[in-house]
Amino acid sequence: MSDLNYVGKSWRRKDGPDKVTGKAVYAQDVKLPGTLAGRILRSPHPHARIARIDTSRARALPGVKAVITVDDTKGIRHGFVETPRYPADQEVLARGKVVYVGEEVAAVAAVDQITALKAVELIEVEYEELPAVFDPVEAMKPGAPEVHPSHPKVTDPYANVGGKSETEWGDVERGFAESDYVREDRFESHLRTHGYLEPHVTLAHWEGGKMNVWTSSMGAFVKRAKLARTLDLPYSAVRIHKTYVGGTFGGKIDLYSHEYCAARLSMITGRPVRIVATREEIFSAYRHGQPLAMEIKTGVKKDGTIVAQQIRVINNSGGFRGSGVVVIFLAWGFTMIPYRIPNLRYEGFSVYTNYPVRAPQRGHGAPQIRFAIESQLDRIAEELGIDPITIRLRNARLPGEALPNGDNVHNAGLADCIKVAAEKSGFLEKHGRDRRSPPQGTIRRGIGIGVSAYMGGTLIYPNGSAVIVKMNDDGSAVVLTGAIDIGQGSETVISQIVAEELAIGMDDVKIVSSDTDTTPQDIGAWISGMTYVTGNAARQAAGNARDKLVAVASERLGVPVGDLAVKDKVVYSTRDPSARMTYREVIAASVATRRGDTVIGEGYWRTMRDEPNHPSLATTKGRWTENYAFSAQVAEVEVDIETGEARLVKALTVHDCGFPVNPALVKGQIDGQISMALGHAFMEEVMTKDGYTLNPNWLDYRMPTIHNMAVSEDADVITEQYRVGQPYRTKEVGEGLVSGILAAMANAVYDATGVRLNSTPFTAERILYGLKALEFKAKQPKPKEKVGA
């Protein structure tokens, strides 16, 4: 790829100047005359029947322009998943009862925020409190308070089960019987928020039969689809405008009630309505990540080869299904990819509780399940006397392996990632050092490793992306793409691909993006498929435009197409470079001789183009993706054995992302995921009690800052190539690298202290408790051997 000019190079971000100069326009920056302030009334109870709602006093307040309850809606439900098995299950405002603290009950629009707040306080709601349940294991027990009836196709004798994923291959019982060592462990992950700096903001304006919306999201076309459906409008009557997005991390995919309420209130009042969520609302009532409980039983041979595995996952999905039925499917997938498991039995349960609904969070199940599997694998290795590197290499999938679901890992670089990570970190030399020879003082240092793999693009609405490239008279290009740049650099990557294919400069490429009326459909920024799916559509569109340019030049110059090349906005003969035409000349000739054809290229791409549907969430049957990224990550931590405080000192990420289109953007993704995993491991936790959030602000929720960051190093394992004019296979780098490093930190804490932790976060209290337990165990007298034994 050394002959490429743009792909593979660290070009400056297209959105960088706007952001650093303050010119970037976010949803809250959009100003429309006559805009009303919207506010939402939320439930104060985790579970209660709504006996009566009286909005008359709020409606009578001067300055109030509209008040809505569920009776003012069409009653059309929505859901993160909307399939025949899992139909939409949530209304935009509560009907009949509330199932979590903060559930939306009513909304108002008023001339200003103060009036809107007063109006919300004047709405009278009479509740009849109901028994509530918060722990998913307790919620599954027969006789537990019913949040919702269990799914009719789940035959297990459990309550409150919103969905189940189950699959099996091989002979699991025989596998365990043939294993030399079998181990069982239980792991738990905790509740965290996404930590996006820009709050949820929506501005809606109903004008001339058109709903115009500016909202902070992860995909304009998904938002349009869900909003149009709940408003009972045709898609053509809803336009999602582009705004910059101040962070998402999975938390801005689904339709939120405030988006619907802003739109409905605007339809009633005929004026723009803006709703801005407070940080307290986001912490207390909006969607956070997915806590999982994981029970894992693994059988291995004496050399560490995995023979059989049995996994049971329980998800706390909150008051509605949310993405709960997706995360239990994904936990299976992230189990299947990295290691060969000849015999596997998996079951996952998504369970309703009286907590707010859950959403994807960066990695969507991968950090949790990889933390559990990688932690257990280290324990197995230690019991067998095998080092952590050897046991992973023994089980790592190799290039060309077929997966049990029919996918293929293609040029999987996992084994190379593990080898490079071990060598660059000096892993085997450092591992166990402080436990074997404890240094003076209270600081202990440990090293750990974790591996992960992640899919890159799958079949979720709208399933594919299209791109249009319009050539300007001077040979520059305008690119129309529905892709949304949420900070990952999509506009920069697309520009690099278009510039490479057309042989024009980066400054010659202008992007028009993420507007449902002016750009073609796009998958959005939430299935780790932008660079592969939208990137290939952009490559195809630019290539289509290039082919048109070359065809016109061929006619004018009398040179066969195969003898022409392009460079610096010129088409020239490779045999006689003096035979040439500038793009300006070619485009003028196209308009003159091809009935006004101004040279417009079209491209479209869909992952797994021959697969009709996405895999079954219930049975896991069916193809999932055609691109898998792999990584091995090493963490070095320091633990103060006097206070229990632990910190990440150094992280090494060795990853196979196919090839980096923009190495600087890849590096940014790596460092961001290290920071997020650091917070997951040592700092962040949404604390709750009986459905209420105890720390609903930045002061009490500890996010990593620059002072907590560790040294972050990385290395690429290149397994794919980019060739102009040909489809390419690249792999994700935006989510999977938050997973292996979490497991590595858990294993490093053990290496430093001898304390094994089965639950996140790895707090000082838990580490101290573990140290005390080890100290107590060491003081116990060893049992005497029996005489003659």
message: Taking all protein chains in place and a 1.4 Å probe, what share, in percent, of the accessible surface of the range 588-732 do carbon and sulfur account for?
response: 50 percent
- request: Only loop residues by DSSP count here, and only those with at most 16 other Cβ atoms within 10 Å; note down the chymotrypsin sites (Phe, Trp or Tyr not before Pro) in the range 651-740 that meet that.
  value: Trp698
message: List the trypsin sites (Lys or Arg not before Pro) within the range 104-176 that DSSP assigns to loop and that have no more than 14 neighbouring Cβ atoms inside 10 Å.
response: Lys153
message: With just the Cα atoms defining each centre, how far is the range 728-774 from the range 509-586? Give it in Å.
response: 47 Å
- prompt: In the range 85-179, what percent of the accessible surface is made up of carbon and sulfur (1.4 Å probe, ligands and nucleic acids excluded)?
  reply: 52 percent
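Under the definition of Cα pairs under 8 Å and six or more residues apart, what whole-number percent is the relative contact order of the chain?
Values: 1984 pairs, mean separation 120.9, N = 789.
Relative contact order comes out at 15 percent.
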Magnitude of the charge dipole, the chain, Cβ model with Lys/Arg +1 and Asp/Glu -1, debye to 20: 260 debye
message: List the aspartates and glutamates whose Cα sits under 19 Å from the Cα of Lys548, skipping any in the same chain fewer than 8 residues away.
response: Asp473, Asp474, Glu500, Glu501, Asp508, Asp563, Asp568, Glu585, Asp597, Glu602
- request: Starting with the highest mean, order 82-90, 154-162 by the number of other Cβ atoms within 10 Å, averaged over the residues of each peptide.
  value: 154-162, 82-90
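Report, to the nearest whole %, how much of the accessible area of the range 283-437 belongs to carbon and sulfur atoms, 1.4 Å probe, protein only.
Result for the range 283-437: 47 percent of the exposed heavy-atom area is carbon or sulfur.
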- request: Quick one: which residues, 5 or more positions from Met211 or on another chain, have an amide H under 5 Å from its amide H? H modelled 1.01 Å from N in the peptide plane, none for Pro or chain starts.
  value: Val238, Arg239
statement: Calc'd 3J(HN,Hα), the range 84-95, phi into Karplus 6.51 cos²θ - 1.76 cosθ + 1.60 (θ = phi - 60°), Hz, glycine/Pro = x, comes to x, 6, 10, x, 3, 10, 10, 8, 6, 9, 4, 10
query: By DSSP, what percent of the beta bridges with both residues in the chain are antiparallel, rounded to the nearest 5?
result: 80 percent
- prompt: When ranked by the protection proxy of mean other Cβ atoms within 10 Å per residue, highest first, what sequence do the peptides 300-310, 365-375 form?
  reply: 365-375, 300-310
query: lysines within cross-link reach of Lys141: Cα-Cα under 26 Å, excluding same-chain residues under 8 positions apart?
result: Lys97, Lys153, Lys164, Lys297, Lys689
task: Count charges around Glu82 for me, please; just the other residues with Cβ under 11 Å from its Cβ, Lys/Arg as +1, Asp/Glu as -1.
output: +3
message: Need one number: % antiparallel among DSSP beta bridges in the range 288-375, to the nearest 5.
response: 45 percent
task: Grab the DSSP H runs of the chain that are 4 residues or longer, score each as -39,500 (n - 2.57), total them, divide by all residues and round the 222 nm result to the nearest 500 deg cm²/dmol.
output: -8500 deg cm²/dmol
- request: Please list the non-local residues whose amide H lies under 5 Å from the amide H of Ile511, H modeled 1.01 Å from N, same-chain partners needing a gap of 5 or more.
  value: Val479
- request: Give me the distance between the Cα centres of the range 458-487 and the range 1-75, rounded to whole Å.
  value: 25 Å
query: Which lysines have a Cα less than 26 Å from the Cα of Lys14, not counting those fewer than 8 places away in the same chain?
result: Lys23, Lys31, Lys223, Lys242, Lys252, Lys470, Lys510, Lys567, Lys569, Lys667, Lys731
- prompt: Whole-Hz Karplus ³J(HN,Hα) for the range 601-606, in order, using 6.51 cos²θ - 1.76 cosθ + 1.60 and θ = phi - 60°, x for Gly and Pro?
  reply: x, 10, x, 8, 8, 9
- request: Taking only protein heavy atoms into account and a 1.4 Å probe, give the accessible area per residue of the range 473-605 in Å².
  value: 37 Å²
message: For the range 281-295 and the range 103-143, what is the centre-to-centre distance using only Cα atoms, to the nearest Å?
response: 18 Å
- request: Can you find, among Met709, Pro149, Tyr244, the residue farthest towards the positive end of the dipole of the chain? Put +1 on the C-beta of Lys and Arg, -1 on that of Asp and Glu.
  value: Tyr244
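Mean Kyte-Doolittle hydropathy of 0.0 or higher plus an axial Cα length of 27 Å or more: which whole DSSP H helices in the chain meet both?
663-682
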message: Which GluC sites (Glu not before Pro) in the range 712-767 sit in a loop by DSSP (not H, G, I, E or B) and have at most 11 other Cβ atoms within 10 Å of their own Cβ?
response: none
task: Would you work out if the chain is rounded, prolate or oblate? Take a ≥ b ≥ c from the square roots of the eigenvalues of the alpha-carbon gyration tensor; rounded if a/c is under 1.5, else prolate when a/b is larger than b/c, oblate otherwise.
output: oblate
field: 5 angstrom amide H check on Asp714, placed H, neighbours 5+ away
entry: Thr653
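The values are calculated or read from the model by the stated rules, or taken from the named source; none is laboratory data. All values reported here derive from a predicted model rather than from experimental measurement. We place every Cβ from the backbone using ideal geometry, glycine too, and count neighbours over all the protein chains shown. Side chains included, ligands, DNA and RNA excluded: accessible areas come from the protein's heavy atoms. Shrake-Rupley method; radii C 1.70, N 1.55, O 1.52, S 1.80 Å.
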